[in-house]
Every structure is written in C-alpha cells, then in structure tokens.
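One structure is given below, encoded as structure tokens.
Only the coordinates and a few stated rules stand behind these numbers; no lab work does. Note that this is a predicted model, so its numbers are computed, not measured. Positions of Cβ are backbone-derived with ideal geometry, glycine not excepted, and every protein chain shown enters the neighbour counts.
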Amino acid sequence: MARAIASRHARAVFLFAAASEAAAEMIRDGLRDGPPNCRVEPGRNAEVLSAADLALCASGTATLEVAWHRVPMVVMYNGSKWGYRLIGRWLIHTPYLSLVNILAGEWIVPEFMPYYSSTEPIVAEALDLLGNAKRRAKMRSDLDTVVRSLGSASAARETARIALDMLGRGSEGST
C-alpha cells in the first residue's frame, strides 16, 4: 500500500507506530523492499499520530487512539472470508464493525472489514482522503464529536466509583 500511495504522493512519508522494539523489527523486515520514505517509531504513538495527515489503522482499540488525536483514518482488518461467511455473519448484528463508527452510530471512517481480497480499494480511499482537505476536516470534526461523547478526563474515576457503589462499597474511603 505504501508503494502505491507513494507513487501518487511523492512527498509522502510513512511513519509506523510500533508497540515495542520487537514489533518495530518485524515491521522493518516487512518494509525492506518498500519505499525509502518509511520510518518505524517504537513507543511513540502520540508523536506519530500528531504528525499524521491520515492513518491506515488496524481495527480494534487502536482506532480509539487515532480518534483521540483526531486523525482521519481508514480502518481495516483482514480476517477469514470463510470464517465470516460461515459463522461471523450470523453473530454480528451491527451495520458497522469499527469501534469509531459503532460509537458514532454512523459511517464516519471508511472500514474494510471483516476481510478484503485486494488492497486497491484501501489505497483508493487513502488517496481520496489525502487529496481532499474538506473531507479530512469533516472527518476530524466527526472524530471530535465521538471523542467528546466518551466523557471527561475523569471518566475512569467515575466508572470505578459506580462499580464500587454497585458492589456496596460506596465511598467508604476505599478509592
């Protein structure tokens, strides 16, 4: 994908956020024949996302981190086509599969899931977003709405308080 995007955006720089040095090494191995403008940054997600115009993001909680930084994204996950057809489609009853779209209750970020057979549509979507500042601005605004809907910075503390109240421990000084 990086090579296809770089062929249309010669100045594009590809930053890969890695959770650890071991993960970074695996990514570097996969990029050996990739475009020269690729860098892997282990343990620097916030910095990578702050510098990004667009994120290509694996589905999962990572989409919430990308949303937190208000970075336009394309979400993807390539699972088993047959697993989905045989089992998944009977278990999944939501029109959206990415957490961001589920929380929004509408399609705000493109998602390529539960499987895809070609990366060409993903590349086309990424190129369209990169070439459309108005679309990226709208997506940022929609992401901001999703993030604000998640509550305040004290949401974790409030959730813990509610859980303690439900357990009958209340605010007896055990916080």
Q: Take every Cα pair under 8 Å in the range 11-61 that's 6+ residues apart, average their separations, divide by the length, and report that relative contact order as a whole percent.
A: 42
Q) If you keep only loop residues by DSSP, which chymotrypsin sites (Phe, Trp or Tyr not before Pro) in the range 108-149 have at most 12 other Cβ atoms within 10 Å of their Cβ? A) none
Q) What full-extension length gain, to one decimal in nm, is calculated for R8 and V147 as 0.36 nm per residue of separation minus the Cα-Cα distance? A) 46.9 nm
Q) Order of 53-64, 36-47 by packing, highest average Cβ count within 10 Å first? A) 53-64, 36-47
**Q.** Distance (nanometres) between label positions extended 7 Å along Cα→Cβ at E106 and N78
**A.** 3.2
Q | Estimated distance in nm for a label pair at I162 and S118, the labels positioned 7 Å out from Cα along Cα-to-Cβ | A | 4.5
Q. Expressed as a whole percent, how much of the Cα-Cα distance distribution for the range 16-77 exceeds 20 Å?
A. 26
